[in-house]
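Notes follow the structure.
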Amino acid sequence: MKKTLIIDGMSCTYCKADVEEVLNALPGVTAEADPQKGEAYIKIEGEVDESLLIAVIDEHTAFRVSGVY
């Protein structure tokens with residue numbers, strides 16, 4: 001399954017690394033962030049709830065998820 005997270009406040013390569021680190025730490029998740037677009041592209045293998053993706057960004061980074069598609 002693939003998801004795209006819209007992430008408010010992500011604008012630099014440090015931001016990209018921070019977002020990718022917390023998402024890629026989740027089992028079954030591979031993430032690549034694009035700070036210029038403010039989006040993270042997620043590939044999910046197995047069972048990972050969308051709310052968990054949002055929670056790790058909101059709780060472990062300085063950014064907030066404003067949308068998912």
Seminar exercise, completed: Extension length gain for Ala17 and Lys37 (0.36 nm per residue less Cα distance), in nm, is 5.7 nm
Exercise. By per-residue mean of other Cβ atoms within 10 Å, what is the highest-first order of 29-36, 8-15?
Worked result: 29-36, 8-15
For this session: Please report, in debye to the nearest 20, how large the charge dipole of the chain is about its Cα centre when each Lys and Arg carries +1 at its beta carbon and each Asp and Glu carries -1 there.
Result: 200 debye
Exercise. Per residue, how much accessible area does the chain show when a 1.4 Å probe rolls over the protein heavy atoms, in square angstrom?
Worked result: 60 Å²
For this session: Only helical DSSP H runs with n ≥ 4 go in: add -39500 (n - 2.57) per run for the chain, normalise by residue count and round the 222 nm mean residue ellipticity to 500 deg cm²/dmol.
Result: -10000 deg cm²/dmol
For this session: Mind checking which of Ser51, Asn24, Tyr14 is farthest towards the positive end of the chain's charge dipole, using Cβ charges of +1 (Lys, Arg) and -1 (Asp, Glu) about the Cα centre?
Result: Tyr14
For this session: Would you list which aspartates and glutamates come within 14 Å of Lys37, measuring only between C-alpha atoms, while excluding same-chain residues fewer than 8 positions from it?
Result: Asp8
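The values are calculated or read from the model by the stated rules, or taken from the named source; none is laboratory data. In this text the structure is predicted, and so the values were computed from the model without any measurement. Glycine also receives a Cβ, built like all others from the backbone with ideal geometry; neighbour counts cover every protein chain displayed. Remember, those area values only see protein heavy atoms, side chains included, never the ligands or the DNA or RNA. Shrake-Rupley method; radii C 1.70, N 1.55, O 1.52, S 1.80 Å.
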